[in-house]
Amino acid sequence: MVRVFGGVFLILHGVVHVWYVVLSQGWVEVEDQMGWNGHSWLLSSLLSEGTILSLASVAYVAVTVGFVLGGLGYAFDRSWWPPVVVGSAILSTLVLLAMWDGGFDLLVEKGAAGVLINLALVLLVYGAE
């Protein structure tokens, strides 16, 4: 039963990343209280906003797929789930940090909670080995 709940958690953590795809594709109007505004402290001076948003969408889709697969692998006790989950957590963290606008307001909305979850997942996976 623990494997099922753990797998569902990993899948849901991955699906949350779809929200950033929705925002980056402009499928909803971005409002200030949503936190993420499409500007990147790292990339905005190097790339156009459209390119940054496209890269973010691709990366967040990859993270979503990774966590969904990792969650299924964990739930069904497949041997390949740990590197999939760790890789997804690392990619998620890198993308969240790269897409961060550099402001310290609305950190939870900007992905700080996700970064903490990713860190916990990496520590749990390495602790389980």
| query | Restricting to the stretch 102-123, what's the tally of residues that are modelled with pLDDT of 85 or more and surrounded by 11 or more Cβ atoms within 10 Å (Cβ to Cβ)? | reply | 12
| task | Being surrounded by 19 or more Cβ atoms within 10 Å (Cβ to Cβ), in a helix (DSSP H, G or I) and either among the aromatic types (Phe, Trp, Tyr) or at positive phi (or both) is the filter here, so list the residues in the stretch 18-69 that pass it. | result | 20, 60, 67
| Can you tell which of 24, 44 is touching a Leu at 6+ places or on another chain (Cβ under 8 Å) and at pLDDT below 90? | 24
| remark: Expected output for the stretch 47-75 (first residue touching a residue at least 60 places away in the same chain (Cβ under 8 Å) and farther than 23 Å from residue 28 by Cα, partner aliphatic (A, V, I, L, M) and surrounded by fewer than 20 Cβ atoms within 10 Å (Cβ to Cβ), Cβ below 6 Å, 6+ apart or cross-chain) is 71/11; 75/4
| note | Within the stretch 70-81, of all residues that are surrounded by fewer than 18 Cβ atoms within 10 Å (Cβ to Cβ) and touching a helix residue (DSSP H, G or I) at 6+ places or on another chain (Cβ under 7 Å), the one farthest from residue 6 (Cα to Cα) is 80
| message | Checking the condition over 26 Å from residue 87 (Cα atoms) and among the aromatic types (Phe, Trp, Tyr), which residue from 36, 27, 19 passes? | response | 27
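The values are calculated or read from the model by the stated rules, or taken from the named source; none is laboratory data. None of the values given here were measured: they were computed from a predicted structure. Here the Cβ is made from the backbone with ideal geometry for all residues, glycine too, and neighbour counts use every protein chain on show.
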